[in-house]
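The values are calculated or read from the model by the stated rules, or taken from the named source; none is laboratory data. Bear in mind the structure is a predicted one, so any value in this text is a computation, not a measurement. Every residue, glycine among them, receives a Cβ derived from its backbone with ideal geometry; neighbour counts consider all protein chains shown. Heads up: the accessible areas ignore ligands, DNA and RNA and are worked out on the full protein's heavy atoms, side chains in. Shrake-Rupley method; radii C 1.70, N 1.55, O 1.52, S 1.80 Å.
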Amino acid sequence: MTAIGTTTAAGAPRLPGWVRYEVTAFAVVTALGLIGYLVFPFDLALLTRIIAVTFLVLSLDLVTGYAGVVTLGQAAIFGVAAYAVGNACLAGITDPVMLLGVGIIAGALMGLVSGVLISRFSALPQLVISIAFGQLVAALANKLAQFTGGSDGLAGFAPSAVLGVFEFDIFGRTSFGFSLVVLAVVLALLLRFVQSPFGLMCRGIRDDALRARMIGTAVYPRLIVMYGVSGAVAGVGGALSAINVGVVSLHSVSFEMSAEALVMLVVGGAGHLLGAVFGSILFQIFGHFVGSTNPFHWMTIVGGTLILITLFAPKGLYSAFASAMAKFRKSRVSQ
Amino acid sequence: MSALLQLDDVSMSFGGLKVTQEVSFTLQTGDRVGLIGPNGAGKTTLVNLVTGNLNPSSGRILLQGEDVTHTGISHRVRHGLVRTFQITRLFQTLSVADNVALALLQRKGLAMGFLSSATQRPEIRDEWTRILQVTGLESRAYDPVSVLAYGEQRLVEIAMALALKPKVLLLDEPAAGIPHEETHRVLDAIAALPADIAVLMIEHDIDLVFRFASRVLVLANGKLICDGTPDTVAANDEVRSAYLGSYANDRRSA
């Protein structure tokens, strides 16, 4: 199937409905959040963490799913934004919205830097450069302990109330509500973004970079810009992580974090923003509950499940779900 | 007035192998030129040199008087040089309309919009609708390119070329791989190309070239061995021995 926001095989333009995607996504994310709140009222910290990581997976989807750049260094952007927010908070910027802005700027700048390096290459060299970039940032984070706290992590900062009203509470309600609203808004914006001329061009580059050049597109600068946007999204996640947890650890910039994000994206469905969201939610909830119910074999169970998903839904769960829905609609029409 | 496209002694070597040897020709406004040659003559290499996919070892290439010999592909496209591919190269996961819309957005300088709709802006939508009508693809507008038959994919290539409003259009074997009964759709689309652009068609099908072109270039072993009208080319002994064989004899005796 085509990605959200394109013209479709259904024979009708999506213009009347294309705004509905943003509204629907906003409503779906809000509804999922509320369901999560009702079902797991004592696990709001988990849900909040899931949301923060979802931004990392969304950012990865922008460069990998939409622009075809394969990377295993995306957590470097997420982590640096988190460190930037932690340091900004320690320096006296405690307003969460301002801190979100710090995270976005730090993430965008890191995205641009990594885009300059990583999107210069293609295929395996690209993957290797992304790993090297991530490892370099992780090593620096470990070394620059005055900014990162080194292996102890950066701690001791406390954001003020959201909009001066909603104090962060020990149950994590404010953290969860704040993160959920930010996710719904950013997802709606991203859904519009991937339908834009720039988003469509990036998908064209993903399909065939030479073809894109042959219609006059300067491919490399566009990939760098896409990396900047992707970095801003990862920066939102890093900022939320720092604001909500109050600690930034080395795990935030680690290779494991980048690899997990890629797995979540593949599980959900690369090239679909909702696939990234679903992949992130499903993987983390599944991992959490399997880990808590069977701490000895949970990795085996998660690994086996991933293999099964990849075998039976190689394009991700979102694509499998969308195909099943399309078949269902077709069968109803033909009846 | 300068030629739309001018090649001056363009040469290209891969190691010790000279695949293009001092090729010179010009294309003027409205030209319909065929480029023929046996397999391995260097036709596609020559096209790749003109478009910037390859850099020549020596010589220069002028586009509307500007020396573009060492400029990139996208620069040449923005200055009016457009090509189609021997084996179609399209944005396979996007719809036909999206493919054409991307070319339009790029040409109109609208490809950096971040929040507007890509394909449904009125000025874009009207133009891709018109182009798809001209190329007979309007009923496939919303189909992903990957589900189209090969002949239709060739038409999408031509539609994208039209969207870029080229000054010089290079058609690399536009009829290759298409079932005979569908060839007419591609030929109709080629016949409907704007009269004021220069078209260079690279093609194995001699009948097609001789019907299309008012001038034919013949390449053999990387050298341009003949540049003239179809009749001149058919009568040229060097061409006959290099490439045309019985076809030229048939044409002369007809």
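So the values come out like this:
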| quantity | calculated |
| --- | --- |
| Residue count for the stretch B:1-32, restricted to those that are out of contact with any Asp or Glu (no Cβ under 9 Å at 6 or more places or on another chain) and closer than 21 Å to B:Ile206 by Cα | 3 |
| Residue list for the stretch A:154-167, restricted to those being under 30 Å from A:Leu144 (Cβ atoms) and in a loop (DSSP other than H, G, I, E, B) | A:Ala155, A:Gly156, A:Phe157, A:Ala158, A:Pro159, A:Ser160 |
| Residue in the stretch A:293-316 that is out of contact with any Cys (no Cβ under 9 Å at 6 or more places or on another chain) and in contact (Cβ under 8 Å) with a residue 60 or more places away in the chain present | no |
| Those residues of the stretch B:81-118 which are open to solvent by 10 Å² or more (accessible area, probe 1.4 Å), facing chain A (nearest Cβ under 7 Å) and among the hydrophobic types (A, V, I, L, M, F, W, C), in sequence order | B:Leu110, B:Met112, B:Phe114, B:Leu115 |
| Residue pairs meeting the criteria (Cβ under 7 Å; at least 6 apart or on separate chains; first at negative phi, in the stretch A:119-132; second open to solvent by 50 Å² or more (accessible area, probe 1.4 Å) and assigned to a loop (DSSP other than H, G, I, E, B)) | A:Gln126/A:Val70; A:Leu127/A:Val70; A:Ile129/A:Phe121 |
| Members of the stretch A:107-126 found to be more than 16 Å from the chain's Cα centre (by Cα) and either within 10 Å of A:Ala232 (Cα to Cα) or open to solvent by 30 Å² or more (accessible area, probe 1.4 Å) (or both), listed by number | A:Leu109, A:Leu112, A:Val113, A:Val116, A:Leu117, A:Arg120, A:Phe121, A:Ser122, A:Ala123, A:Leu124, A:Pro125 |
| From the options A:Ile131, A:Ile170, A:Ile105, residue that is of a type in the set (A, V, I, L, M, F, W, C) and part of a loop (DSSP other than H, G, I, E, B) | A:Ile170 |
| Among residues of the stretch B:63-78, those that are touching a residue at least 40 places away in the same chain (Cβ under 8 Å) and either crowded, with 16+ Cβ neighbours inside 10 Å or within 14 Å of another protein chain (Cβ to nearest Cβ) (or both), counted | 3 |
| Conditions (1) touching a strand residue (DSSP E or B) at 6+ places or on another chain (Cβ under 9 Å); (2) in contact (Cβ under 8 Å) with a residue 60 or more places away in the chain; (3) under 30 Å from B:Leu54 (Cβ atoms): number failed by A:Tyr220 | (1) |
| Some residue of the stretch A:136-152 being of a type in the set (Gly, Ala, Ser), open to solvent by less than 50 Å² (accessible area, probe 1.4 Å), closer than 29 Å to A:Met226 by Cβ and assigned to a loop (DSSP other than H, G, I, E, B) | no |
| Any chance B:Arg60 is basic (Lys, Arg), surrounded by fewer than 19 Cβ atoms within 10 Å (Cβ to Cβ) and over 15 Å from the mean Cα position of the chain (by Cα) | yes |
| Qualifying position, being assigned to a helix (DSSP H, G or I) and touching a residue at least 60 places away in the same chain (Cβ under 8 Å), among A:Gly68, A:Gly33 | A:Gly33 |
| Hits in the stretch A:200-218 - residues which are at the interface with chain B (Cβ under 7 Å from one of its Cβ atoms) and open to solvent by less than 10 Å² (accessible area, probe 1.4 Å) | A:Leu200, A:Met201, A:Arg203, A:Gly204, A:Arg211, A:Met214, A:Ile215, A:Gly216, A:Thr217 |
| Condition broken by B:Gln28, with the remaining ones in (1) away from chain A (no Cβ under 14 Å); (2) closer than 15 Å to B:Leu171 by Cα satisfied | (2) |
| The stretch B:142-174, residues that are surrounded by fewer than 21 Cβ atoms within 10 Å (Cβ to Cβ) and small (Gly, Ala, Ser) | B:Ser146, B:Ala149, B:Gly151 |
| Meets criteria (in contact with an Asp or Glu (Cβ under 9 Å, 6 or more places away or on another chain) and of a type outside the set (Val, Ile, Thr)) for A:Arg173 | no |
| 3 or more residues hydrophobic (A, V, I, L, M, F, W, C) and farther than 28 Å from B:Leu7 by Cα: qualifying helices (runs of 4 or more DSSP H) within the stretch B:105-217 | B:122-134 |
| Test: A:Ala88 is in a helix (DSSP H, G or I) and farther than 18 Å from A:Gly246 by Cα | no |
| The one condition in (1) open to solvent by less than 70 Å² (accessible area, probe 1.4 Å); (2) over 23 Å from the mean Cα position of the chain (by Cα) that A:Ile281 fails to fulfil | (2) |
| Residue that is touching a residue at least 12 places away in the same chain (Cβ under 8 Å), within 14 Å of A:Gly103 (Cβ to Cβ) and open to solvent by 10 Å² or more (accessible area, probe 1.4 Å), where the choices are A:Ala84, A:Ala52 | A:Ala84 |
| The stretch A:92-106, residues that are open to solvent by 30 Å² or more (accessible area, probe 1.4 Å), over 27 Å from A:Ile205 (Cβ atoms) and in contact (Cβ under 8 Å) with a residue 60 or more places away in the chain | A:Thr94, A:Asp95, A:Val97, A:Val102 |
| Matching residues in the stretch A:185-214 - criterion: being of a type outside the set (Lys, Arg) and touching a Ser or Thr at 6+ places or on another chain (Cβ under 8 Å) | A:Gln195, A:Ser196, A:Pro197, A:Leu200, A:Met201, A:Gly204, A:Ile205, A:Asp207, A:Ala209, A:Met214 |
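Table: residues versus (1) within 30 Å of B:Arg140 (Cα to Cα); (2) touching a Pro at 6+ places or on another chain (Cβ under 9 Å); (3) of a type in the set (Phe, Trp, Tyr); (4) at pLDDT 95 or above.
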position	(1), (2), (3), (4)
B:Leu5	no, no, no, yes
B:Gly15	no, no, no, no
B:Thr26	no, no, no, yes
B:Val50	no, no, no, yes
B:Leu54	no, no, no, no
B:Arg60	no, no, no, yes
B:Leu63	no, no, no, yes
B:Arg78	yes, no, no, no
B:Phe91	yes, no, yes, yes
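Quick grid of which residues meet (1) more than 18 Å from A:Val53 (Cα to Cα); (2) open to solvent by less than 10 Å² (accessible area, probe 1.4 Å); (3) modelled with pLDDT of 95 or more:
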{"residue": "A:Tyr220", "(1), (2), (3)": "yes, no, yes"}
{"residue": "A:Val229", "(1), (2), (3)": "no, no, yes"}
{"residue": "A:Val245", "(1), (2), (3)": "no, no, no"}
{"residue": "A:Val253", "(1), (2), (3)": "no, yes, yes"}
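For (1) at pLDDT below 95; (2) within 30 Å of B:Ala161 (Cα to Cα); (3) out of contact with any His (no Cβ under 8 Å at 6 or more places or on another chain), each residue gets a yes or a no:
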| residue | (1), (2), (3) |
| --- | --- |
| A:Val185 | yes, no, yes |
| A:Gln195 | yes, yes, yes |
| A:Cys202 | no, yes, yes |
| A:Gly237 | no, no, yes |
| A:Leu240 | no, no, yes |
| A:Ala261 | no, no, yes |
| A:Phe283 | yes, no, yes |
